[in-house]
Structures are given as C-alpha cells and as structure tokens.
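These notes are about the structure you will find just below.
The values are calculated or read from the model by the stated rules, or taken from the named source; none is laboratory data. Here the structure is a predicted model, which means the values were calculated and not measured. Neighbour counts run over all protein chains shown; Cβ positions are idealised from the backbone, glycine included. Surface accessibility is based on the protein's heavy atoms, side chains included, excluding ligands, DNA and RNA. Shrake-Rupley method; radii C 1.70, N 1.55, O 1.52, S 1.80 Å.
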Amino acid sequence: MSVRRILVVGLGNPGEAYRNTYHSAGHIVLNALRNQMADTQPSFKVARHGKKSTEASIGPKYSFLQSPCVMNVTGTWFARAYREHLIDNGLSPAELGVVLVHDDLEEELGVVKIRDWARSHRGHNGIKSVNASLKADPEGKWARVSVGIGRPVERERASVSDYVLSKIPRHARGILEEKGGAGLLAALMDLERKWEAS
C-alpha cells in the first residue's frame, strides 16, 4: 500500500526563551523548509494536535507539526498526534509516512542525515521520550532526520547541556536555515522514493 500522507514533526523546546537555541534546531529547520515550499505548503498556524496547541502547517501531502512540549516529555504528545492523524485522515499505518526531525551533536552545523527509526538515540532525550511512548507500527514507514548542531569541546554533561540550550548566533542560524532547510527537503524526497519502491 502506498504512502498517501507524510507527517513531519520537528523537535524543540517551546517558549520564547528556547526558540532560538541549538536544541530547537528541529523547529528552525522545519520552518525553513516550509518557507522554501511556500507555493504548496501553508504557513504555520496554531491548531489543536495531540490535545495541545501546536504550530502546524497542513498541506496537500505533508503535515508539518512543531512539537509543543519540553523535549524530555515529547513522547506522550507525539503518540497522540500520530494516532489522531491516522483517524482524522482516514489512513492506515501503511499509508502514513512519519519523519521525526531533531538536533544532532555528532554532526557539523547544518548537516542533515536520514537515520533509521530504530537507531540508537545516543542520549537524545526527545527521541528517548518518543520511543518510550510509541512503538513504530511495522506496517508504517518511519524515519528520523538529524540536523547537525556541532558540539562543544568539553564533553561532560553540564557543558553539553549548556551548549544545546544556548542561543544560536545569527550566522549559525543562517547556516541552519539554508543548509538544513535544503537538506531536509532532499531527505524527504529520498524517503518518498524509498517508501514508494518498498
């Protein structure tokens, strides 16, 4: 059965204080992609998804959702939003592609890579929370797309935490938006081809 819709969820922390931080790279890149697809993908608007007010862009093929939850507890909302999406669109799991977009400390700034859904979370609390709340339906199409944010020289937990929650300088945000948006678009095209062929 072919994929009829694709649900793309950007991970990040909510609120003005965290909107422009490295940990919200999933939000930033998904918004950049929406801007690149302005002819076919509507602007983000607040709507109810997963029982929470969520920034959403619902187009003819893609549903873009920005997670409204603190990273560590994203999973419960994600699971609800996924199930709602199936019901509201009259889809079986096999007809919905699911893509989770998240920041990645192990890649250089703006580098986008497709990751297998079952691949290790490598300590990412958002992915851990999603995995704990939702088991991927074996009939469905699932993927993660990571967005590189670089890494601080010091690797102890406190330094990493401070880094991912720090403000992104303007030039670095520009790289994220340009390279990340284009990379995410290419990743979605690759996933669609792979899913249609399987």
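Between 23, 121, 102, which gets the highest mean-square fluctuation from a Gaussian network model of the chain, Cα cutoff 10 Å?
Ranking 23, 121, 102 by mean-square fluctuation puts 121 first.
In the stretch 123-168, what trypsin sites (Lys or Arg not before Pro) fall in a loop by DSSP, with at most 15 other Cβ atoms inside 10 Å?
135, 155
Rank 87, 168, 175 by accessible area, highest first, at a 1.4 Å probe radius? Don't skip to the answer; put the middle values down first.
Details: 87 130, 168 10, 175 65 Å².
Ranked list, largest accessible area first: 87, 175, 168.
Mind checking the full-extension length gain between residue 118 and residue 136? Use 0.36 nm per residue of separation minus the Cα-Cα distance, one decimal, nm.
5.6 nm
For the stretch 66-188, what proportion of DSSP beta bridges, expressed in % and rounded to the nearest 5, is antiparallel?
40
With a 10 Å cut-off between alpha carbons and a GNM built on the chain, which of 169, 93, 68 moves the most?
Most flexible of the set in this elastic network: 169.
Classify the stretch 116-198 as rounded, prolate or oblate, taking a ≥ b ≥ c as the square roots of the eigenvalues of its Cα gyration tensor: rounded when a/c is under 1.5, otherwise prolate if a/b is larger than b/c and oblate if not.
In terms of gyration-tensor shape, oblate.
Add +1 for every Lys or Arg and -1 for every Asp or Glu among the other residues with Cβ under 12 Å from the Cβ of residue 168, and state the total.
+2
Tell me the net charge near residue 44. Cut-off is 12 Å between Cβ atoms, residue 44 excluded, with +1 for each Lys or Arg and -1 for each Asp or Glu.
+1
Cα gyration tensor of the stretch 1-118, axes a ≥ b ≥ c as square roots of the eigenvalues: rounded (a/c below 1.5), prolate (a/b > b/c) or oblate?
Rounded is the answer for the stretch 1-118, as its axis ratio a/c remains below 1.5.
Under 15 Å from the Cβ of residue 192, count the other residues' Cβ atoms, weight Lys and Arg +1, Asp and Glu -1, and hand me the total.
+3
Can you pick out the pairs among 135/167; 141/167; 135/194; 51/179 whose Cα atoms lie more than 31 Å from each other? Please list the in-between numbers first.
Working: 135/167 33 Å; 141/167 34 Å; 135/194 21 Å; 51/179 33 Å.
In this structure, 135/167; 141/167; 51/179 exceed 31 Å between Cα atoms.
For the chain, with a Gaussian network of springs between Cα atoms less than 10 Å apart, report the residue from 110, 140, 126 with the top mean-square fluctuation.
Residue with maximal mean-square fluctuation among 110, 140, 126: 140.
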